[in-house]
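Below you'll find the structure, written out as C-alpha cells, and then a few comments.
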Amino acid sequence: VVLVPDGEAGCFRPLVLQGYPPGEREAIMARRITAGPELFDPLHPVLVTGADPVTRMGALREALVLPYLITAPVILHNDVVAILVTGRMTEQRPYLPALGASDVETVQTVSAYRAAMLAEHRLRQAESLAKHDPLTQLPNLRRTTEKLNRMLALARRGGNFAATMFVDLDGFKAVNDSHGHAAGDIALQ
C-alpha cells in the first residue's frame, strides 16, 4: 500500500493496493487515514507483529485491514510525500512467518528507491517546464531564442541563409471571449 497526502496535515489516502480482493480494494482506497508522527521517522520504521497489542497502530491496522505491518516514509527534499506500507492478513509459519528486521530493511530500501524515482521524475518535469510551454508542448520563448541563435550562427559560419516564420492566430480573443478559455486552449493547441 502507498499512502499519499490528502491535503490536510497528517491525512493520507491509500493509492496503490495489492493483495486485496477487488471489492475490498475500492472500499479501502476510499478511506481517509490519519497518520501519527510515529510514521514519519525514516530511521525508525514501524513494525507491528502478532506480539504487539491490538491497540498499537490500531486505527491504521483497521483501516488497511492489516493486523501485521511495516511502514516507512518516502521522503523527498525533507518532505514526506508518501508512506509505504506492507503487511499480512495473518502470520502462519512456515509460509507466512512473522515480520522481522530483514523485512523492515527491505521496506526502507524500497522507500528510498521510490523517493529517488520521484526525484528523477520531478527533475524531468522541471526541465521540461523550463524549456516548453505546458499547454502546447512547443518550445517556449527562451528555448526558441536559443535555437534561433544557434541556427543563425550555423548559417553565418556556413555562408547560408536562415529564415524564421511567425504564425499569427487572427480572432483568438473572440474565441476566448465567446467560447471560453477552454476553447481558446484548444485553438492554441
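The values are calculated or read from the model by the stated rules, or taken from the named source; none is laboratory data. Nothing here was measured: the structure is a model prediction, and the numbers come from that model. Cβ coordinates were reconstructed from backbone atoms using ideal geometry, including for glycine residues, and neighbour counts include every protein chain displayed. Side chains are part of the model used for accessible areas, which takes the heavy atoms of the whole protein and leaves out ligands, DNA and RNA. Shrake-Rupley method; radii C 1.70, N 1.55, O 1.52, S 1.80 Å.
You will find that of Arg114, Arg150, Arg122, the residue that is out of contact with any Gly (no Cβ under 9 Å at 6 or more places or on another chain) and more than 27 Å from Leu39 (Cα to Cα) is Arg150 and no other.
Looking across Thr109, Thr90, Thr55, one residue alone is in contact (Cβ under 8 Å) with a residue 12 or more places away in the chain, of a type in the set (S, T, N, Q) and either in contact with a Lys or Arg (Cβ under 7 Å, 6 or more places away or on another chain) or at negative phi (or both). It is Thr90. So which pairs qualify, if the first residue must be in segment 1-25 and part of a strand (DSSP E or B), the second must be at pLDDT 85 or above and aromatic (Phe, Trp, Tyr), the Cβ gap must be under 9 Å, and the two must be at least 6 apart or on different chains? That search, which allows pairs on different chains as well, returns Leu3/Phe12; Val4/Phe12; Pro5/Phe12. Selection of first residues in segment 130-155 that are closer than 14 Å to Leu188 by Cβ and of second residues that are open to solvent by 90 Å² or more (accessible area, probe 1.4 Å) and outside any helix (DSSP H, G or I), restricted to Cβ pairs under 6 Å at least 6 apart or on distinct chains, gives the following pairs, ordered by first then second residue: Thr136/Gln189. Scanning segment 96-126 for residues that are over 17 Å from the mean Cα position of the chain (by Cα) and of a type in the set (D, E, K, R) yields Asp103, Glu105. Counting the residues of segment 142-189 that are open to solvent by 60 Å² or more (accessible area, probe 1.4 Å), of a type in the set (Gly, Ala, Ser) and either modelled with pLDDT under 85 or in a loop (DSSP other than H, G, I, E, B) (or both) gives 2.
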